[in-house]
Every structure is written in structure tokens, then in C-alpha cells.
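Accompanying notes for the structure given below.
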Amino acid sequence: MAEQSAASARVSSDEMYDVVVVGAGFAGMYLLHRLRGLGLSVRVYEQGSGVGGTWYWNRYPGARCDVESMQYSYSFDEQLQQEWNWSERYAPQPEILKYANHVADRFNLRGDIQFDTTVKAAAFDDSNNLWSVTLGGGKRVDARTFILATGCLSNARMPDFKGLGSFRGKTYHTGHWPHEEVDFTGLRVGVIGTGSSAIQSIPLIAEQASQLYVFQRTPNFSVPAHNEPLSDEKRNEWKANYPALRHRARWESRNGIVNPMPQKGVLDDTPEDRQREFEKGWQRGGIAFMVTYNNIVLDKASNDTVSDFVRDKIAGVVEDPSIAKLLQPNNHPIGTKRICVDTDYYQTFNRNNVELVDIRALQIEEVTPDGIKVNGREYEVDAIVFATGFDAMTGSVAKIDIRGHGNVTLNQKWAEGPKTYLGLMTASFPNMFIITGPGSPSVLSNMIVSIEQHVDWITDCLAYMRKSGLDRIEPLKDAEDKWVAHVNEVASGTLYPQANSWYMGANIPGKPQIFMPYIGGVGVYRQICVDVAAKGYEGFALSSRQTAASVAAE
Ligand code: FAD
Ligand code: NAP
């Protein structure tokens with residue numbers, strides 16, 4: 001039905017759409033579905049050859065979600081959430097990709113998605129109130145609304161090591177993994193990085209490789225996943241209670257995940273009680289460990305006790321005390337970098353074929369034809385895995401030459417850090433929306449919850465504009481400035497800014513260091529967005545083209 005109305009609403013020229021969406025991950029897919037429901041003509045451009053975004057690109061061994069699958073899934077369609085059966089507590093990447101493809105088929109999405117197409121540029125034309133979008137190859141299309149569903153972790157970052165091009169073996173990036181199976185059996189492998197992607201892949205690569213070198217610059221805190229097959233009983237319990245549980249995730253949780261909500265701070269308990277609670281959290285596993293108490297990322301003394309607990313756990317698993325010491329994080333409070341979730345990560349360092357190479361003080365000097373050189377020693381390898389992360393939150397947006405009012409580029413506007421109103425729009429770039437943009441809960445949350453919230457808000461906004469005869473929306477500079485100040489103020493009340501994290505842009509040389517996501521909590525944020533809309537889109541300037549033209553002429 002929705003597809004028919006979209007087709008009939010399409011303007012005769014293929015070059016003109018009501019909405020152009022960049023990206024066909026979970027955000028772009030749901031956008032397409034909702035916008036079609038409004039009867040709008042929508043074109044989604046995706047540089048990959050299929051849907052799924054993150055789950056299309058990140059095919060490395062061990063890739064899986066770290067938010068439990070019963071929660072890391074769409075909630076917008078009751079039948080969809082009832083009919084899909086996750087097999088494990090944390091589904092592996094192939095299953096999540098299968099789910100994305102299932103959704104694309106079920107809602108007939110592919111017809112309006114153009115794959116293998118990169119959006120290179122987009123310029124707002126004030127005179128006709130249209131975005132002119134340039135695709136790879138030079139073709140241009142026009143759109144009334146331009147939406148960036150480009151993903152927060154979609155611009156894989158490859159360090160520029162001296163000699164990289166000379167390496168004779170194979171190189172891989174976890175965020176850009178080949179589609180065909182990669183077999184490391186009998187090979188000497190180097191993994192660079194020890195973030196979430198490395199921590200998931202290292203145990204599996206170690207099982208295949210004859211020798212594995214792990215090049216670690218900064219150790220990270222990791223909590224056991226305790227992954228397991230999902231029982232029918234557990235699955236059915238979730239399905240039976242979905243309405244209430246999804247509501248809790250959206251409105252009552254801080255991070256879009258239904259978890260215990262402790263009322264106590266760490267130091268409210270005696271050391272013995274605290275130890276017992278930490279142990280319970282550890283046995284529960286996953287990121288829920290971080291909500292054992294309510295102030296772990298707020299109070300340094302409290303955080304220290306949790307960090308010590310995890311450091312002790314590492315020492316308890318890793319047999320060689322000198323290796324255990326290297327693996328114990330000590331330069332950031334636990335939780336201020338994304339907590340990692342693993343299966344047998346620390347145990348892997350007890351294997352004879354695994355060597356941890358500490359590169360904190362002695363950086364990688366160069367990549368040679370035969371391996372990786374650190375402090376004069378060459379580690380000979382047949383393959384190098386770069387688990388070196390992403391230019392997060394702004395990286396994929398920055399790759400597009402986006403121009404708003406006065407031909408000013410978004411990169412110029414964001415030169416000192418991203419500025420948005422609600423993480424949804426940025427002043428001087430009318431009719432351009434961002435899904436899970438900087439300034440929204442985004443990467444601090446169950447991303448599907450945040451994606452659905454943004455898509456729903458934007459869809460409602462576009463419906464309101466149509467109904468009201470309006471065709472231009474952009475944030476007021478004052479509202480944007482106040483929101484940016486609020487985002488910073490909330491972050492500064494936490495321990496997060498103490499870490500050199502990708503949340504801060506600290507992993508990219510030269511990137512301005514600003515805490516990018518909004519840490520006020522998804523429920524609080526959702527309410528703010530609802531209130532803004534209820535007050536006639538407070539903080540936004542809405543107009544019709546004629547009004548805008550007359551204002552411009554004054
Ligand atoms: P993406 O999935 O990143 O999709 C964006 C798409 O836009 C990509 O396919 C990209 O190719 C395309 N694109 C970008 N620029 C252009 C352009 N110029 N032209 C054309 N196409 C373009 N979040 C969680 O909440 N829970 C998890 O357990 C979790 N696990 C993760 C595991 C990994 C390995 C990674 C990397 C991230 C994980 N995340 C997780 C975050 C994850 O990115 C989000 O959950 C979610 O999948 C993002 O969906 P999206 O559609 O917003 O972006
Ligand atoms: P990441 O957390 O940014 O980790 C990158 C790693 O590479 C870090 O250890 C970093 O060290 C290292 N590194 C980068 N450049 C280097 C260099 N030049 N020399 C040496 N080491 C270098 O990236 P990621 O592991 O891909 O994870 C990114 C995010 O994606 C996660 O935080 C999470 O949100 C998401 N993710 C989730 C899962 C999941 O469990 N579901 C899995 C993977 C990813 P420094 O810390 O010293 O910079």
C-alpha cells in the first residue's frame with residue numbers, strides 16, 4: 001500500500017524527490033518506510049551493495065551486537081518483532097545482516113534504494129528551496145529534504161603508518177571486512193588495536209593463526225558477554241511483554257536498554273556488599289555491568305572501586321602477571337570509553353601462540369614488506385588486521401561536501417566541533433536532518449531506539465509542515481547555541497571528558513576535542529523533543545517558500 005502511494009506521489013522526473021536519504025543502515029531503512037507512509041517520493045543512496053550499514057561492513061570474526069538482540073531490534077512493527085527469532089543473547093553479525101535483509105524484503109524497501117552509489121556533495125539552493133545532491137559519477141538529483149543517515153561508526157580509520165604500501169601480505173580493516181571468508185589458518189597475524197572490534201575478533205583469530213601479535217596502545221576494560229543460545233522461554237517472555245519493555249527502554253532508561261535501575265551509589269554500600277554487587281553484575285555480564293550502581297560514571301572515587309574490581313578480574317584470568325599488568329587499563333575511568341564486551345578475550349593471552357606487544361611508549365615505527373616494526377624489532381606477519389576504529393559521529397558527514405546558506409560548508413561550520421540543535425539539524429542548513437547526530441544520545445544508547453525516535457520525530461515534523469503549508473525548517477542560531485552549551489554542561493558533570501575517547505574525537509589527529517553525544521539520557525531527551533514539537537517546533541524557524549523568499553528580499 002505504502003509503496004503504491006510513494007510511486008504515485010513521485011514527480012515525473014527521476015531527478016527530483018521529496019526526500020533524499022544517504023545511507024541504508026537501520027536508520028535509512030526505517031526512514032524510507034516511514035516517509036513512504038506519508039506518500040512522499042524518497043530515494044536512498046547507499047555506497048555499499050546491500051542494506052544493513054554497520055552489519056554489512058563489519059564482517060570480522062566474532063562481530064556481534066553488545067546490546068542484547070531482543071532489545072537491539074526494531075520495535076516499530078508488532079508483527080516484525082513477533083515473527084523474528086533471534087538465536088542467541090547477542091546475535092552474530094551474519095544473523096543481524098539477515099535480519100536487515102528480511103526487513104528490506106518484508107517492507108519492499110529495495111525498489112527505492114540505489115546501491116553502489118556514493119553521495120559526494122549536496123548544496124542548498126535558496127532560490128528554489130531545494131537541495132542539489134551530487135552522486136559519484138557526477139549525476140545530480142534534487143530534493144526538498146536531505147537526510148543524513150550516514151551512521152556514526154561508518155568511516156573506518158586506517159592509520160597512516162610509514163611503509164604501509166610496501167607490505168607483501170594481506171591487510172584488513174575490521175570496519176571494511178571482505179565479503180568472502182578470510183581464513184587465517186596457519187598464518188602469522190598482527191592485530192593493531194584493542195577496542196571493541198579487536199576484543200571480539202582476537203580470540204577467534206588466535207584459534208586459527210599459527211602466531212598472533214596483538215599491538216596494544218591503550219588497554220580497554222572488557223566485561224564477559226556470557227553469550228548463550230536464547231531459550232524459547234526467554235524469547236517468548238520478551239515477546240509477550242514487548243509493549244511494556246519497549247516503553248521502558250524509550251522513556252525510563254538512560255541508554256535505551258532495559259536494565260536494572262539501581263537507586264544506590266557505589267560508596268553507599270560497605271566494601272563487602274559492593275564486592276558482592278560487582279560480582280553479580282559480572283555474572284550478569286555485558287554492558288549491564290555498568291549499571292550495578294547509579295553513579296559509576298559520575299563519581300571518581302566510586303569509579304575507582306569498579307575499575308579496581310575489573311583490574312583484579314584481569315589479573316585473575318591472565319596467567320603471566322606482567323601481561324596481566326599490561327592488559328589492565330589505567331588511563332581512564334571505566335565506562336568513559338565504550339565498555340567492551342567479550343568472549344574469552346583475556347583468556348586468549350594465556351595461549352602459547354599469542355603475544356601482546358605494548359606500543360604505548362614505543363609506537364609502531366613502520367610497516368615493512370614482511371611485518372610490523374616496533375622499537376627496532378620486526379614482527380614478521382602474513383596478514384595485518386587493523387582494528388583501529390572510526391572517525392566517529394562526524395566522519396562520514398564530513399566526507400560529503402555539504403553547503404548551506406551562503407555556500408558555507410558544513411565542515412567550515414563544524415571546524416571547532418559539531419554544532420546542532422537537538423542533534424537533529426544544524427543552523428544555516430535548512431531542510432537537512434541528521435539521524436543520531438552529535439548532540440543527541442546516539443552512540444551512548446541502544447542505537448535502534450535512538451534511530452527510531454529520530455525517524456519518528458522527523459516524519460512527524462514533515463507531516464506537520466505539509467499540513468501547515470510550510471516547506472522550510474531550520475534551527476535558530478540562539479536555540480542551537482543554547483543546546484550546544486547544555487550538551488557540554490551535562491557532559492562536564494560526568495567523568496566522560498576525562499578519557500581520550502572517540503566520543504571526544506580524540507582518536508583522530510587534529511579533530512576538535514568536544515564530547516559529541518548528549519548524555520542526559522534517552523527518556524529525558526525524548527521528552528525534550530516531544531515538548532519542542534508540541535510548542536510549534538520551538539527553536540526552529542519554519543516558513544513557506546514564499547515567506548522565505550520575501551524575508552530574503554527584505
Ligand atoms: P550505519 O549502519 O553505519 O549505516 C550508514 C550507511 O550509510 C552505511 O551503509 C554507509 O555505507 C552509508 N553511507 C555513509 N556515507 C555515505 C555516502 N556519502 N554515500 C552513500 N552511502 C553512505 N550499536 C548498538 O546500539 N548496539 C550494538 O550492539 C552495536 N554494535 C556495533 C558493532 C559494531 C562492529 C559497530 C561498528 C557498531 C555497532 N553499533 C552498535 C553502532 C551501530 O553503528 C548502530 O547500532 C547502527 O547499526 C547504526 O545504523 P545507521 O543506519 O545509523 O548507520
Ligand atoms: P576503537 O574503539 O576506536 O578502537 C580502536 C583501537 O585501535 C584502539 O585500541 C586504538 O588505540 C587503536 N589504534 C588506533 N590507531 C592506532 C595507531 N595509529 N596505532 C596503534 N593503535 C591504534 O574502534 P573499534 O574497536 O572498531 O570500536 C568502535 C566502536 O564501535 C565501539 O566503541 C563500539 O561503539 C562499536 N563496536 C561495538 C561492538 C560490539 O561489541 N557490539 C564491536 C565493535 C565495535 P587508542 O585507544 O590508543 O587510540
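The values are calculated or read from the model by the stated rules, or taken from the named source; none is laboratory data. None of the values given here were measured: they were computed from a predicted structure. Counting neighbours? That spans all protein chains shown, and the Cβs are built from the backbone with ideal geometry, glycine included.
Taking R250 as the residue in question, decide whether it is over 23 Å from I339 (Cβ atoms), assigned to a helix (DSSP H, G or I), at pLDDT 95 or above and within 15 Å of ligand 1 (Cβ to nearest atom). Break it down stepwise before answering.
Details: over 23 Å from I339 (Cβ atoms): no; assigned to a helix (DSSP H, G or I): yes; at pLDDT 95 or above: yes; within 15 Å of ligand 1 (Cβ to nearest atom): yes.
It is false that R250 is over 23 Å from I339 (Cβ atoms), assigned to a helix (DSSP H, G or I), at pLDDT 95 or above and within 15 Å of ligand 1 (Cβ to nearest atom).
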Taking strands (runs of 3 or more DSSP E) that do not extend beyond the range 156-238, which have at least 1 residues that are farther than 17 Å from Q93 by Cβ and within 16 Å of ligand 1 (Cβ to nearest atom)? 188-192, 222-224
Residue list for the range 206-237, restricted to those being within 24 Å of V374 (Cα to Cα) and either among the charged types (D, E, K, R) or within 14 Å of ligand 2 (Cβ to nearest atom) (or both): Y213, V214, F215, Q216, R217, T218, P219, N220
Those helices (runs of 4 or more DSSP H) lying entirely in the range 19-101 with at least 1 residues more than 13 Å from ligand 2 (Cβ to nearest atom) and over 17 Å from the mean Cα position of the chain (by Cα): 26-37, 78-83
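Confirm whether Q211 is closer than 29 Å to M516 by Cα and surrounded by 18 or more Cβ atoms within 10 Å (Cβ to Cβ).
no
Run down V397, V354, V341 and say which single residue is more than 21 Å from the chain's Cα centre (by Cα) and of a type in the set (V, I, T).
On the way: V397 fails: more than 21 Å from the chain's Cα centre (by Cα); V341 fails: more than 21 Å from the chain's Cα centre (by Cα).
Result: V354 is the single residue among V397, V354, V341 that is more than 21 Å from the chain's Cα centre (by Cα) and of a type in the set (V, I, T).
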When you scan the range 332-347, do you find a residue that is basic (K, R), over 30 Å from V21 (Cβ atoms) and surrounded by 19 or more Cβ atoms within 10 Å (Cβ to Cβ), even just one? yes
It is to be established whether one or more residues within the range 398-405 are surrounded by 20 or more Cβ atoms within 10 Å (Cβ to Cβ) and within 22 Å of P219 (Cα to Cα). no
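Residue-by-condition table, conditions (1) farther than 29 Å from D299 by Cα; (2) at pLDDT 95 or above; (3) within 16 Å of ligand 1 (Cβ to nearest atom); (4) crowded, with 21+ Cβ neighbours inside 10 Å:
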position	(1), (2), (3), (4)
M425	yes, yes, no, yes
I434	yes, yes, yes, yes
L462	yes, yes, no, yes
M465	yes, yes, no, no
Taking into account only those residues within the range 260-278 that are over 29 Å from the mean Cα position of the chain (by Cα) and assigned to a loop (DSSP other than H, G, I, E, B), which is surrounded by the most Cβ atoms within 10 Å (Cβ to Cβ)? D269
For the range 32-59 the number of residues that are closer than 14 Å to I147 by Cα, within 9 Å of ligand 1 (Cβ to nearest atom) and either surrounded by fewer than 22 Cβ atoms within 10 Å (Cβ to Cβ) or not β-branched (V, I, T) (or both) is 2
Is there any pair linking a residue in the range 69-86 that is within 15 Å of R250 (Cβ to Cβ) to one that is acidic (D, E) and not in a helix (DSSP H, G or I), with Cβ under 9 Å and at least six apart or on different chains, and which? Y72/D66
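Would you mind stating whether K120 is in the same structural domain as V21 (by TED's automatic domain parsing), within 30 Å of I473 (Cα to Cα), among the basic types (K, R) and surrounded by 14 or more Cβ atoms within 10 Å (Cβ to Cβ)?
So K120 fits the description; yes.
Go over the candidates R360, R377, R403 one by one and state the one that is assigned by TED's automatic domain parsing to the domain that holds L204 and closer than 30 Å to P517 by Cα. Quick ask: steps written out before the conclusion?
Working: R377 fails: closer than 30 Å to P517 by Cα; R403 fails: assigned by TED's automatic domain parsing to the domain that holds L204.
Going through R360, R377, R403 in turn, just one is assigned by TED's automatic domain parsing to the domain that holds L204 and closer than 30 Å to P517 by Cα: R360.
Taking the range 358-368, which residues are buried (at least 20 other Cβ atoms within 10 Å of the Cβ) and either under 15 Å from S322 (Cα atoms) or not hydrophobic (A, V, I, L, M, F, W, C) (or both)? I'd like the intermediate steps shown before the answer.
First, the residues of the range 358-368 that are buried (at least 20 other Cβ atoms within 10 Å of the Cβ): 364, 367.
Hits for the range 358-368: nothing passes.
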